[in-house]
Amino acid sequence: MWLAAALLTPPAPAGAQALQPYAVVGDAIPEPLTNARGDISRGRALVVERSSTCILCHSGPFPEQKFQGDLAPDLSGSGNRWSEGQLRLRLVDASRLNAATIMPSYYRVDGLTRVGALWRGKPILSAEQIEDIVAYLVTLRE
Amino acid sequence: MRFLGAIAAALLVAGAVGAAEIPQADRRSGYSFMKPDTKTMQDDDTANPGMLWVLDGETLWNRKVGSAGKACADCHGNARNSMKGVAISYPAFDKATGRPIDLEQRINSCRTNHQQATPLPFESRELLALTALVARQSQGASIETGADPQLAPFIAKGRELYMQRQGQFNLACANCHDDNWDKRLAGAAITQGHPTGYPLYRLEWQSLGSLQRRLRACITGIRAQAYDYGAPELVELELYLMSRARGMPLEAPGVRP
């Protein structure tokens with residue numbers, strides 16, 4: 001399914017912000033979700049911030065963070081293992097690559113059940129935040 | 001045997017969703033994941049903050065309330081005798097409503113029907129104290145919840161909820177508590193989610209809290225809509241979890257980080 005290039009325009013629930021459309025090519029989203037480039041240092045700050053939830057599951061090169069999760073691969077070397085576009089799709093909707101994954105889809109609003117009122121109709125991260133994090137992950141080359 | 005029937009029914013309904021259940025021999029209480037000092041706090045009555053609620057519960061047990069002017073003790077005598085081994089079967093089937101009710105709801109049904117008093121709010125100091133008192137009388141006894149065959153369809157519903165992915169994070173209880181209980185979510189041990197210690201004192205809460213409070217916290221944690229206190233779904237989850245913990249000793253009042 002995800003091997004075919006597809007132009008996705010996810011449905012926008014009433015009152016919710018519309019998601020930026022994006023195209024999946026192979027196992028990647030090659031084009032950025034925003035016009036402005038992601039900011040590496042903002043991306044790092046987001047990844048280590050507990051509220052972004054990454055380090056609940058992942059560990060990585062974040063010596064200042066005492067508590068890191070061990071539910072998921074270490075993020076060190078992500079930039080060696082994956083291209084920018086591959087990392088973008090993993091953040092936007094990891095379940096397209098592995099339907100059984102526990103990694104949340106950070107830029108998706110459809111196909112979810114019983115989302116709490118506070119979060120309903122909103123993606124976990126904004127397009128800008130995704131781009132910042134992708135820009136940072138690309139720099140993780142061990 | 002009756003219990004096996006309940007489990008079989010549960011498996012039938014839930015069907016293919018299932019991750020493997022944790023084998024009996026590998027079942028571990030949240031207690032076993034804790035640091036030594038927190039374990040000592042639970043084990044030592046003089047250090048366990050939950051005992052303050054148990055003591056309060058004894059006072060309330062003997063206090064006459066409601067328009068019937070009766071205390072719990074007027075019907076049940078000394079809780080140390082009459083409440084022994086009661087908590088190990090909750091949630092239990094309630095004939096009046098035809099549904100399972102948990103220990104808090106049982107206490108409140110005594111208040112409305114027998115004491116003719118207003119029900120105590122969920123998570124109120126009084127309700128937690130009375131629940132802690134009753135649960136404490138089963139400390140060390142093996143959990144038996146689910147033996148009543150009338151509970152089978154409700155256990156099945158609870159299991160379905162447990163297996164269902166939900167919320168903005170799209171996670172099921174089973175994704176953490178069956179598939180990843182040996183791992184850590186940032187600093188926290190995930191545990192197998194056995195409700196052996198409730199009501200329990202949570203250091204993070206700085207208070208005693210009910211199992212429903214804990215479940216609502218996990219549901220909000222995955223950014224799903226938490227069920228209201230007393231909602232049938234929460235009781236069904238409690239029921240499934242308690243039936244899943246059968247054979248494990250009740251620890252109430254427990255302590256958790």
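The values are calculated or read from the model by the stated rules, or taken from the named source; none is laboratory data. This structure is a prediction, so every number in the text was calculated from the model and none was measured. Glycine gets a Cβ as well: all are built from the backbone with ideal geometry, and neighbour counts include every protein chain shown.
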Can you tell me which residue in the stretch B:137-175 is farthest from the other protein chains (Cβ to nearest Cβ), limited to those that are more than 25 Å from B:I88 (Cα to Cα), of a type outside the set (D, E, K, R) and buried (at least 18 other Cβ atoms within 10 Å of the Cβ)? B:A172
Count - residues of the stretch A:107-118 that are buried (at least 19 other Cβ atoms within 10 Å of the Cβ), hydrophobic (A, V, I, L, M, F, W, C) and part of a loop (DSSP other than H, G, I, E, B): 2
Any chance the stretch A:58-78 includes a residue that's under 22 Å from B:N180 (Cα atoms), within 16 Å of the chain's Cα centre (by Cα), surrounded by 20 or more Cβ atoms within 10 Å (Cβ to Cβ) and within 8 Å of another protein chain (Cβ to nearest Cβ)? no
Any idea which residue in the stretch B:210-238 is farthest from B:H177 (Cα to Cα), counting only those that are within 13 Å of chain A (Cβ to nearest Cβ) and hydroxyl-bearing (S, T, Y)? B:Y227
Every residue from the stretch B:138-176 that is small (G, A, S) and either within 14 Å of B:L234 (Cα to Cα) or assigned to a loop (DSSP other than H, G, I, E, B) (or both): B:S138, B:G140, B:A141, B:G146, B:A147, B:A156, B:G158, B:G167, B:A172
Filtered residues of the stretch B:210-251 (kept if assigned to a loop (DSSP other than H, G, I, E, B) and in contact with a Leu (Cβ under 7 Å, 6 or more places away or on another chain)): B:S210, B:I222, B:Y227
For B:D182, only one of the following conditions fails: (1) surrounded by 19 or more Cβ atoms within 10 Å (Cβ to Cβ); (2) within 20 Å of A:C57 (Cα to Cα); (3) within 14 Å of chain A (Cβ to nearest Cβ). What is its number? (1)
Top-ranked residue in the stretch A:119-142 [being surrounded by fewer than 19 Cβ atoms within 10 Å (Cβ to Cβ) and of a type in the set (S, T, Y); ranked as farthest from A:I40 (Cα to Cα)]: A:S126
Unmet criterion (only one of (1) within 12 Å of another protein chain (Cβ to nearest Cβ); (2) modelled with pLDDT of 95 or more) for B:S207: (1)
Tally, over the stretch A:81-106, of residues that are within 13 Å of another protein chain (Cβ to nearest Cβ) and either in a loop (DSSP other than H, G, I, E, B) or not acidic (D, E) (or both): 12
Can you give me the number of residues within the stretch A:97-126 that are aliphatic (A, V, I, L, M), touching a residue at least 12 places away in the same chain (Cβ under 8 Å) and farther than 19 Å from A:R50 by Cα? 2
Count - residues of the stretch A:87-106 that are buried (at least 20 other Cβ atoms within 10 Å of the Cβ) and of a type outside the set (V, I, T): 10
